Amino acid sequence: MSSSGKAKRLLWLTISHIILILVAIFALYPALWVVLSSFRPGTSLYSETILPRIWTLDHYRELFTKFPFGQWYINTLKIAIISTVFSTLFVLLSGYAFSRFRFRGRKGIMTGLFVIGMFPSFMSMIAVYILLLNMNLLNTHSALIMVYSAGAIMGYLLVKGYFDTIPKSLEESARLDGAGNFRVFFSIFLPLSRPIIVFLSVTSFAGAFNDFIFAQMVLRTQEKQTLAVGLYNMVNAAFATQFTIFAAGCVLVALPITILFMFMQRFLVEGLTAGAEKG
Amino acid sequence: MRRTIISPILSAVVMGLGQFINRQYLKGFSMLLLYILGLYYSMTNLGHALWGVITLGEKAQHLEKVGRINKMVHGDHSIFLLVQGLIVIFLIILFVVAYILNIRDAYRTAVEIEQGNTPNNFGQTLKKIGTKNFPLLIITPQLIFLFFFTILPLIFSLLIAFTDYSSPKHIPPANLVDWIGFSAFKDLFTLSTWAHTFYGVFAWTVAWAVLSTLSCFFGGFLIAVLLQQKGIIFKKFFRTVYMLPFAIPGFVSLLIMRNLFNTQFGPLTQYLNFFGIQGPPWLSDPTWAKGTILLVNFWLGFPISMLMITGILTTIPRDLYEAAEVDGASGFQKFRMITFPAVMFALTPIVIGQFAGNFNNFNVIYLMTNGNPVNSDYQFAGHTDILITWLYNLSINNGKYNFASVIGIMIFIILASFSIYNFRRTRFYREEETYQ
């Protein structure tokens, strides 16, 4: 390579690095700002310095004394975990049924589910609310769990696509040994579908964890609320006066999910790509 | 008379009787039980349900003379009547389906007997459900579940579009709701203020969906390509940092961003002030607000595009590039002829999917601006409102339920045509039956 080519290449690499560093700052800054704000004394959004002059843990303490933050955490975990278990199991089972069995109405059901999925979910919210009101389920966690898991079957396409790639010969030998449908599902399909299980459970966990619109509509009293609702109300009520407490709340809410996503990154990207390829 | 004629006829008269003739006593008995329950339920509820759905109630809340004083008396609650009516009708449809299946079953068993086979006993029947009807066994409960929490509410909302269910004049329990046909549709497209709002919001929704999808995709593409180059140091570090916006829960990021872009006290304004620059009205000026939310959406969305594109980049065979280098291709030519087509080939369905997602990207708009700044020419909408946030505000905050439903139907029509197009291009349709 000529020396001018080398110089050009070096220049280009330098420019690339500068761009990458700028993007890194752009990506990192909001999170960094909130973490720093959560350690800053006082309550306001405004601060004179980027780094706090004095570091304090007061806001983390106030979260638990001024708000039922611990209770919110327990509520959220309870709702998210139970609905994750249900919806993952449901969607895996329906994917199994659609992939491995041919039955009357199969195509019709699959198309129907696909069509229903295209209606905006907010459209049905009022009616769900009326139903819950009539069933006396308002302000209960089971209402949320039920609604979150009821929609699980609509994600069948991803699982079906994945199961379609598992060779039939694997289950045939098991069936010859007399294994029933459930046995085949639990002992052959489940062990082979780790990536998809991780993807489904992380996304449905995050979905339940992050929902504030529906949760806000259903959960009325403060001690029943979830983190998302609590945090939303906190910043909506009086953000200027409690900003640092809100920042501390953000840190505690975001931390577990962020770590989970970072570790599960590979599965999540694979799942998203596969899901879109399948439709 | 022949068994194949008599047992279905008996089953048609009374559920389970044909099964008794076929000597399937336990089955016959459980069907008889279902018959009694179903018939009782239908007789006591169907009339009222149909009346409710058709009339939506006849008496509004009104004053009535009780003895000497006038008392407020509860009228019919149109919306409850509609929802409850739909549930009753659905249950009765289920009952009718069971009834038909019962007749068919009686016939089939009779045929078996005439051919000299012994019919299944109850245990065998249950076992058959577990094996042959296994897929229906696991799907049916889910479908019933789905029916109550998704389909029924959806049917309800679709029907609402044909009523006058809207504030302030037609909100139960104080008033009744009535069927008005396509009036709400007509109003939305012809009443000048509504039509103006609809077309305005629709135009911005499309612009928003296109811009936010393209910015995230091509931004992510650029970063992935930059990062993939030979000679870049700390690749892993950069990639981890870029992951952050994807990993932090979206609603937390958005709530943070809203404060970050606070025009008065936000840190960005503050830094600009430090350099003697007046901070822009990030979220309070229509144009600035649109730019700001696009930027915020880019922050949220570029990582996932970057990650997916990085995945594709690693699958492109190296020798393609080497061959191109031998032919003297420049870096840009290699990108244009090899990298770009490979990525687009793999990810076009995803980009279309992301477009549909952004079309309904509620969280970004709702949490950042809630549709504001207010547009005084619009009906209940602001400059940054997209269809889905407008729908939400119309129903939850303003009680214009029928208009909200009409908009929901519009969103469905737009997205459905899009998704069907996308769906047909994917392998799903073509390869469906070939895999085995």
Return yes when B:Phe80 is within 14 Å of another protein chain (Cβ to nearest Cβ), in contact (Cβ under 8 Å) with a residue 24 or more places away in the chain and either part of a helix (DSSP H, G or I) or surrounded by 14 or more Cβ atoms within 10 Å (Cβ to Cβ) (or both) and no when it is not.
yes
Hits in segment A:15-43 (condition: exposed (fewer than 13 other Cβ atoms within 10 Å of the Cβ), over 30 Å from A:Leu252 (Cα atoms) and at the interface with chain B (Cβ under 10 Å from one of its Cβ atoms)):
A:Ile15
If B:Thr193 passes every condition in (1) more than 23 Å from the chain's Cα centre (by Cα); (2) of a type in the set (Val, Ile, Thr); (3) farther than 30 Å from A:Leu28 by Cα; (4) surrounded by 14 or more Cβ atoms within 10 Å (Cβ to Cβ) but one, which one does it miss?
(4)
Residue among B:Thr125, B:Thr118 that is exposed (fewer than 14 other Cβ atoms within 10 Å of the Cβ) and of a type outside the set (Phe, Trp, Tyr):
B:Thr118
Some residue of segment A:44-56 being in contact (Cβ under 8 Å) with a residue 12 or more places away in the chain, assigned to a helix (DSSP H, G or I), more than 10 Å from chain B (Cβ to nearest Cβ) and surrounded by fewer than 21 Cβ atoms within 10 Å (Cβ to Cβ)
no
Residue ranges of helices (runs of 4 or more DSSP H) in segment B:303-391 with at least 3 members surrounded by 16 or more Cβ atoms within 10 Å (Cβ to Cβ) and more than 25 Å from the chain's Cα centre (by Cα):
B:340-359
Filter segment B:262-282 down to residues that are aliphatic (A, V, I, L, M) and away from chain A (no Cβ under 13 Å) and give me whichever is farthest from A:Thr49 (Cα to Cα).
B:Ile277
From B:Val53, B:Val96, grab the single residue that is within 31 Å of the chain's Cα centre (by Cα), surrounded by fewer than 16 Cβ atoms within 10 Å (Cβ to Cβ), on the phi < 0 side of the Ramachandran plot and not in a loop (DSSP other than H, G, I, E, B).
B:Val96
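Does segment A:116-141 hold any residues that are under 19 Å from B:Ile409 (Cβ atoms) and facing chain B (nearest Cβ under 7 Å), and which are they?
The answer is A:Ile116, A:Met118, A:Phe119, A:Pro120, A:Phe122, A:Met123, A:Ser124, A:Ile126, A:Ala127, A:Val128.
Looking at segment B:117-136, is at least one residue in contact with an Asp or Glu (Cβ under 9 Å, 6 or more places away or on another chain), touching a residue at least 40 places away in the same chain (Cβ under 8 Å) and closer than 29 Å to A:Phe101 by Cα?
Yes, the conditions are met somewhere in segment B:117-136.
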From the list B:Gly75, B:Gly116, B:Gly28, which one is at pLDDT below 90, in a helix (DSSP H, G or I) and of a type outside the set (Phe, Trp, Tyr)?
B:Gly28
Report the residue count in segment A:194-213 for those that are surrounded by fewer than 17 Cβ atoms within 10 Å (Cβ to Cβ) and either under 15 Å from B:Val252 (Cβ atoms) or touching a Gly at 6+ places or on another chain (Cβ under 8 Å) (or both).
2
Check B:Phe156, B:Phe149 and return the single one that is within 7 Å of chain A (Cβ to nearest Cβ), closer than 17 Å to A:Phe90 by Cα and part of a helix (DSSP H, G or I).
B:Phe149
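Scan B:Gly279, B:Gly231 and give me the residue that is farther than 21 Å from B:Tyr378 by Cβ, in contact with a Ser or Thr (Cβ under 8 Å, 6 or more places away or on another chain), surrounded by fewer than 20 Cβ atoms within 10 Å (Cβ to Cβ) and not aliphatic (A, V, I, L, M).
Just a single option satisfies the conditions, and that option is B:Gly279.
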Taking into account only those residues within segment A:90-115 that are in contact (Cβ under 8 Å) with a residue 12 or more places away in the chain and aromatic (Phe, Trp, Tyr), which is farthest from B:Gln142 (Cα to Cα)?
A:Phe114
Taking into account only those residues within segment B:234-260 that are within 27 Å of the chain's Cα centre (by Cα), within 7 Å of another protein chain (Cβ to nearest Cβ) and not hydrophobic (A, V, I, L, M, F, W, C), which is surrounded by the fewest Cβ atoms within 10 Å (Cβ to Cβ)?
B:Gly250
A:Arg266: surrounded by fewer than 17 Cβ atoms within 10 Å (Cβ to Cβ) and either at pLDDT 85 or above or within 8 Å of another protein chain (Cβ to nearest Cβ) (or both), yes or no?
no
Return yes or no: is B:Ala60 buried (at least 19 other Cβ atoms within 10 Å of the Cβ) and either over 30 Å from B:Gly123 (Cα atoms) or in contact (Cβ under 8 Å) with a residue 60 or more places away in the chain (or both)?
no
Would you mind finding the one in B:Arg108, B:Arg23, B:Arg104 that is more than 22 Å from B:Pro153 (Cβ to Cβ), within 14 Å of chain A (Cβ to nearest Cβ) and not hydrophobic (A, V, I, L, M, F, W, C)?
B:Arg104
Single residue of segment B:128-146 satisfying the filter (aliphatic (A, V, I, L, M) and either more than 8 Å from chain A (Cβ to nearest Cβ) or more than 25 Å from the chain's Cα centre (by Cα) (or both)) that is surrounded by the fewest Cβ atoms within 10 Å (Cβ to Cβ)
B:Ile129
Among the candidates B:Leu137, B:Leu63, single out the residue that is assigned to a helix (DSSP H, G or I) and either at negative phi or out of contact with any Cys (no Cβ under 9 Å at 6 or more places or on another chain) (or both).
B:Leu137
Among the residues in segment A:178-193, are any assigned to a helix (DSSP H, G or I), away from chain B (no Cβ under 12 Å), in contact with a helix residue (DSSP H, G or I) (Cβ under 6 Å, 6 or more places away or on another chain) and surrounded by fewer than 19 Cβ atoms within 10 Å (Cβ to Cβ)?
yes
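The values are calculated or read from the model by the stated rules, or taken from the named source; none is laboratory data. What you see is a predicted model, and the numbers here were worked out from it, not measured in a lab. All Cβ positions, glycine included, derive from the backbone under ideal geometry; neighbour counts span all protein chains shown.
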